[in-house]
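Where a number appears in this text, it was derived from the coordinates with a stated rule and is not lab data. Here the structure is a predicted model, which means the values were calculated and not measured. Quick reminder, even Gly has a Cβ in these numbers, built from the backbone with ideal geometry, and neighbours come from all protein chains shown.
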Protein chains: 2
Amino acid sequence: MTISRPDGQRSPTLEEVAEWAGVSRSTVSRVINGVSTVDPELRELVQRAIDATGYVPNLAARSLVTRRTDSVALVVSEPDDRTEQAEPFLNRIFTDPFLGRITAGALEVLRPEGIHLVIMPAESPAHHHVLRYLRQGHVDGVLLISSSDEDPLPQQLCDLGIPAVLSARPGKPLPMSYVDVEQQVGAKLAAEHLLAIGRHHLATISGPLDMPSSQDRLAGFRAALAVHGHAYVPSAAGNFTRASGEQAARELFAAHPEIDGLFVANDLMAEGALQALRDLGRRVPEDVAVVGFDNSIAALQCRPQLTTIHQPLEEMAAEMARLLLARIGKADPKPRSVIFHPRLVKRESA
Amino acid sequence: MTISRPDGQRSPTLEEVAEWAGVSRSTVSRVINGVSTVDPELRELVQRAIDATGYVPNLAARSLVTRRTDSVALVVSEPDDRTEQAEPFLNRIFTDPFLGRITAGALEVLRPEGIHLVIMPAESPAHHHVLRYLRQGHVDGVLLISSSDEDPLPQQLCDLGIPAVLSARPGKPLPMSYVDVEQQVGAKLAAEHLLAIGRHHLATISGPLDMPSSQDRLAGFRAALAVHGHAYVPSAAGNFTRASGEQAARELFAAHPEIDGLFVANDLMAEGALQALRDLGRRVPEDVAVVGFDNSIAALQCRPQLTTIHQPLEEMAAEMARLLLARIGKADPKPRSVIFHPRLVKRESA
DNA sequence: GGTATTCCAGGGAGCGCTCTCTCCAAGGTC
DNA sequence: GACCTTGGAGAGAGCGCTCCCTGGAATACC
């Protein structure tokens, strides 16, 4: 802290507060930390001293001894191979409603516990920066949003013994807790809905295929259709951005103009697909029915409004925070997984 | 730090590295901090010891004595009165391309300096949380994105002597550095362009009117039109979200169907306005010309693509970071302001 | 060759806090 | 009244680091 206060002096220390109140350092410390064995009268006195001096505990000193910082990091990671895309990483993550919902959910749990959340983007070239930050002990643990099964970060955190919780099933088995949603079930809901409304030429726009969740949604969609006799399902991969959805839809309809039902692996890409369909002169849902995934704000903002698969991201993030807190508490609880259920939200597009 | 390493032991200390290398604590410290007065041979030896032990400096211990943390916060603040809006704060900030660009620009400057950036949302009920975080000395300074002239945070940071730089001219005069863009000039560019392409019935959708930048854009637009004899300019205020832009456009066109030129205070709202115009059956730009503001990714993603006022957000954020670093370096440099120039980017919508 | 000067490694203090241990006083027991 | 228990305050050590000061070896100077 470089708080050069206006009056030029540093912020007061425990010792100074103690002197002001005429008690010992220990007593002040006890009051600050809410230890009950303090005479109520003294407690009151010390509280006045704290207010009078404007005392704030020095975090560095405290965490030097407690080995806690009372803050956790939300790290949004991105592997090498996707870093050089048209739309820069930071633009993508700070434009996708995903992150906001995750943050909100995590804060819901962390704030009442007095734990701070710091958000750190970690695109690949900066991985070591972030890793250094984490190793230095700025935070007690990390909520890791990782978007590829090639991402080395989960493994690294594991090796370093830094408590962490993942936002999805890890690509490789790892002794870490994670939350997830039944991706395949979500895709199945979409498939069955499209069939139920009488569509026969189905296709899908998937997310990046190095993401387990993308793979699952694609596989789930295909499997559900196979059950109904559809052996072949055209697909194109996007990267979860609106532009990539638009592009994928164009490709798909160029190759398969007969498509009348489309499952898109997130709402943002679905919005892009809607754009493409408009340009192609296809009406939604009359000519083509579209189902998205996420039930994000984007689903409500496009025309027609998106029928989509709801994913309880806020609750999932809250659960991640809870799992992390548990992990930080005791050294080595068994890694736990918590799986959430998706559901279909019917709107106008299908 | 609660790093309970897999093998159950804590991470090594300076002392242990010193012992490994057979030198003193001081020497290791010197090597770590790149002090030049170390025998190259010893330096080499110490480096091997560091690698072998996997040593990472303990941040708490270090910053206890240096009073630096080598990290700064990017705080996105929001005043009371706007917290209870349809779209939650976190959704809004993590959906607007604004934040991504700011982050990218700041990191550009901070990363090479080895300074970490932590992002903290600070909607009003959590202000004290964030303030506590900052006061505890987690960071050396703050880049403050504040969106209202009622926001108490700048003043508070100032009082606490926490180094900070603002992202726009503060609502009230304050001895803090800030960057800004010539908002009025930007609005004037929009106004003149709309006139130049032959529009006569101009209107504008502004941002929240408690933001100095919104006020400036509105005032600038009106002033520029006044010069050309337009005494009255219909306007409606949004809150910089797509939905609010759509809503504002509806209101505006319901009251003033003759409008043929529209200046919207950011691209996101302009996208919403485009949506509304499409619903109303107005062609853009034939019936209504639309000019946005920001030149964000959103301007490229809508149909027709937006003519907009470019704001060099990345450079502005980079400059903020530079100003902050300067402020952290020495106690009390004179607060500086750096003003950037907007420019018109012509696309399809006007 | 003796002294002054530089160079560079080591030792010690101390940053501000927590936490354990000690100690004192008050109350309870027989 | 002597003893033990208990509640609650203070003293001390030490977390891991940096930074200043000291001192010895190497070099330079007269």
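Odds and ends about this structure:
- Förster-model FRET efficiency, 35 Å R0, A:L209 and B:S29, C-beta, rounded to 0.05: 0.15
- For peptide A:159-172, the mean count of partner chain Cβ atoms within 10 Å of a residue's Cβ comes to 2.
- Amide H contacts under 5 Å for B:M120: B:L74, B:V75, B:V76, restricted to partners 5 or more places along the chain or on a different chain, H placed in the peptide plane at 1.01 Å from N.
- Within chain B, antiparallel bridges make up roughly 10 percent of the DSSP beta bridges whose residues both belong there.
- Dipole magnitude for the protein assembly as shown: computed about the Cα centre from +1 point charges on Lys and Arg Cβ and -1 point charges on Asp and Glu Cβ, it is near 560 debye.
- Prolate/oblate/rounded label for the range A:183-310 (Cα gyration tensor, a/c 1.5): rounded
- Residue order for A:V345, B:V284, fewest other beta carbons within 10 angstrom first, comes to A:V345, B:V284.
- Positive-pole candidate from A:S146, A:P170, A:V233, dipole of chain A, charges at beta carbon: A:P170
- A helix-only calculation puts chain A at -13000 deg cm²/dmol for mean residue ellipticity at 222 nm, using -39500 (n - 2.57) for each DSSP H run of at least four residues, averaged over all residues.
- For the range A:248-350, GluC sites (Glu not before Pro) meeting the loop criterion (DSSP other than H, G, I, E, B) and having at most 14 other Cβ atoms within 10 Å: A:E258, A:E286, A:E348.
- In sequence order, calculated HN-Hα J values of the range B:226-236 (Karplus, 6.51, -1.76, 1.60; Hz; x Gly/Pro): 4, 4, 9, x, 8, 6, 10, 10, x, 8, 9
- Taking a ≥ b ≥ c as the square roots of the eigenvalues of the Cα gyration tensor, chain B is prolate, since a/c reaches 1.5 or more and a/b is larger than b/c.
- Euclidean distance between Cα centres, the range B:58-134 to the range A:31-68, Å: 26 Å
- Averaging the sequence gap over all C-alpha pairs within less than 8 Å and six or more residues apart, then dividing by the number of residues, gives the range A:42-173 a relative contact order of 33 percent.
- Cα gyration tensor shape for the protein assembly as shown, rounded if a/c is under 1.5, else prolate or oblate: oblate
- Relative exposure of A:S77, B:S11, judged by other C-beta atoms within 10 Å (fewest first): B:S11, A:S77
- Sequence-distant residues sharing a close amide H with B:L344 (under 5 Å, placed H): B:H310
- With neighbours defined as other Cβ atoms within 10 Å of a residue's Cβ, the residues B:T241, B:T66, B:T13 order from fewest to most as B:T66, B:T13, B:T241.
- For the protein assembly as shown, the number of Lys pairs separated by eight or more positions or lying on different chains, with C-alpha atoms closer than 29 Å, is 8.
- Max mean-square fluctuation residue, GNM over chain A, Cα-Cα springs under 10 Å, options A:R30, A:R336, A:R62: A:R30
- Between A:L300 and B:I339, the modelled labels are 4.0 nm apart [label points 7 Å from Cα along Cα→Cβ].
- Distance from the alpha carbon centroid of the range B:237-273 to that of the range B:288-350 works out to 21 angstrom.
- The range A:183-310 - charge dipole about Cα centre, Lys and Arg +1 at Cβ, Asp and Glu -1, debye rounded to 20: 100 debye
- Taking the longest Cα principal axis of chain B as reference, the axis of helix B:97-110 is set at about 30 degrees.
- The mean number of partner chain beta-carbon atoms within 10 angstrom of a residue's beta-carbon across peptide A:58-71 is 6.
- Alpha-carbon Debye profile of the range A:76-163, log10 I(q)/I(0) at 0.11, 0.16, 0.24 Å⁻¹: -0.32, -0.69, -1.35
- DSSP-defined beta bridges in the protein assembly as shown - what % are antiparallel, rounded to 5: 10 percent
- Potential lengthening between A:Q156 and A:D39 on full extension [0.36 nm per residue; Cα-Cα distance subtracted]: 37.3 nm
- Seen against the Cα atoms of chain A and their longest principal axis, helix A:242-255 is set at about 20 degrees.
- Crossing angle, helix B:40-53 versus chain B [Cα axis fit, 0-90 degrees, rounded to tens]: 80 degrees
- Cα-projected label distance for B:V227 with B:H128, points at 7 Å along beta-carbon direction, nm: 4.9 nm
- With the highest mean first, a sort of the peptides A:119-127, A:183-191 on other beta-carbon atoms found within 10 angstrom per residue produces A:183-191, A:119-127.
- Electrostatic dipole magnitude of the range B:123-240 [Cβ: Lys, Arg +1; Asp, Glu -1; Cα centre; debye, to 20]: 220 debye
- Cα→Cβ-extended label distance, 7 Å offset, between B:E16 and B:V65, nm: 1.9 nm
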